[in-house]
Amino acid sequence: MPNCIKTTLVFLFVFAPLLLFAQVKIMTWNLKNLGSSKTEEHISYIAKIMKQADIVAIQEIVTNPSGAQTLAALHEELNRKSGAKWEYALSDPTISSPYRSERYAYLWKTKQVKLQKKAFLDPTYQEEIEREPYMATFQYKDIEFTLVNLHALPKKHQPEKEIKYLKFLPEVYKDKNLIFLGDFNTPESHSVFNPLKKQGYTPAFTQQKTSLRQKCIQGDCLANAYDNIFLQQTHFTVKSTKALLFFEDFETIKEANKISDHIPLLIEIQ
């Protein structure tokens, strides 16, 4: 048998199954007023954490010019030091409330996934949701999935008033494979998520605290289970989940809070 045929057969039997079942890593991270408050050192550190993912969904980018500038700097840092080429999409400022308006963003490795069309702020419930979700459809090989990136109202303002509208989006976008992710300011155990769960959307994380305390209490530096990723496990297999405890890299929780008051969550899906 010629060597070229042997090589082809080895590839088909050994490597082709790996390509067929390759995974995509998705991260969500509330970056606490991403803008001029972040130094070059902060940006370098954030990029080091993000490069573990193929797609990153960001919440809480400030609406003044420093937000866009800092995101662009983060994009450049990822391209310089991650060993991969990245692209990014930045939302317009959310419009329902001038007091809590912010921007969202996505960053992704171009070798892994492709953005289909333009990411957009969903207008369906913009009167009911102050920071309307930022949606983006990505393609991995011949599979498409749509991320629904949300930063819900703060806890004291009853975020469940907004979250309850998410249950309607699978019908609005019934031709899309939706993945809900972000900072819900609400634990996944809350009954407001039950309608989504009944539709098959299950949380990737259970009882995982994600918001940072101002001061650690007997070594416990996390306060509330606010961030999560909901997806249909009939469509996606979750191969791994990881809560990235970045604050452990810092001498004090005060220093860690300058990066963010939330930890990032990372999942690997097949």
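In the range 62-95, which residues are hydroxyl-bearing (S, T, Y) and within 21 Å of A136 (Cβ to Cβ)?
T63, T70, S82, Y88, S91, T94
Quick one: in the range 250-270, which of the residues that are in contact with a Lys or Arg (Cβ under 9 Å, 6 or more places away or on another chain) and loosely packed, with under 14 Cβ neighbours inside 10 Å is nearest to D183 (Cα to Cα)?
K254
What is the number of the single condition among (1) within 24 Å of I46 (Cβ to Cβ); (2) buried (at least 18 other Cβ atoms within 10 Å of the Cβ) that I129 does not meet?
Of everything listed in (1) within 24 Å of I46 (Cβ to Cβ); (2) buried (at least 18 other Cβ atoms within 10 Å of the Cβ), I129 misses just condition (1).
How many of the residues making up the range 159-185 are surrounded by 23 or more Cβ atoms within 10 Å (Cβ to Cβ) and among the β-branched types (V, I, T)?
1
For the range 23-69, name all the residues that are within 19 Å of L147 (Cα to Cα) and in a loop (DSSP other than H, G, I, E, B).
If the condition is that a residue be within 19 Å of L147 (Cα to Cα) and in a loop (DSSP other than H, G, I, E, B), then Q23, K51, Q52, A53, D54 are the ones that fit.
Which of the residues that make up the range 64-82 are farther than 24 Å from Y99 by Cα and among the hydroxyl-bearing types (S, T, Y)?
Within the range 64-82, S82 is the sole residue that qualifies.
Criterion first (without any contact (Cβ under 8 Å) to a residue 24 or more places away in the chain and under 22 Å from I26 (Cα atoms)) does T210 satisfy it?
Spelling it out, it is not the case that T210 is without any contact (Cβ under 8 Å) to a residue 24 or more places away in the chain and under 22 Å from I26 (Cα atoms).
Among the residues in the range 74-94, are any within 29 Å of E41 (Cα to Cα), at pLDDT 95 or above, assigned to a loop (DSSP other than H, G, I, E, B) and of a type in the set (S, T, N, Q)?
yes
Which residue, of T206, T202, T234, is farther than 23 Å from I49 by Cα and surrounded by fewer than 15 Cβ atoms within 10 Å (Cβ to Cβ)?
One residue alone meets the criteria, T234.
Among the residues that make up the range 146-155, is at least one of them exposed (fewer than 15 other Cβ atoms within 10 Å of the Cβ), in contact with a helix residue (DSSP H, G or I) (Cβ under 9 Å, 6 or more places away or on another chain), over 28 Å from T39 (Cα atoms) and basic (K, R)?
There is no residue in the range 146-155 that is exposed (fewer than 15 other Cβ atoms within 10 Å of the Cβ), in contact with a helix residue (DSSP H, G or I) (Cβ under 9 Å, 6 or more places away or on another chain), over 28 Å from T39 (Cα atoms) and basic (K, R).
Sort through E251, E268, E255 and tell me the only one that's more than 19 Å from the chain's Cα centre (by Cα), at pLDDT 95 or above and not in a helix (DSSP H, G or I).
It is E251.
Just to verify a result, which residue in the range 1-38, among those that are surrounded by 11 or more Cβ atoms within 10 Å (Cβ to Cβ) and of a type in the set (S, T, Y), is modelled with the lowest pLDDT?
Filtering first and then ranking leaves T8.
Going by what's in this entry, would F246 be described as surrounded by 15 or more Cβ atoms within 10 Å (Cβ to Cβ) and of a type in the set (A, V, I, L, M, F, W, C)?
yes
The values are calculated or read from the model by the stated rules, or taken from the named source; none is laboratory data. Keep in mind that this is a model prediction, so the values were computed, not measured. Positions of Cβ are generated from backbone atoms using ideal geometry, with glycine treated the same way; all protein chains shown enter the neighbour counts.
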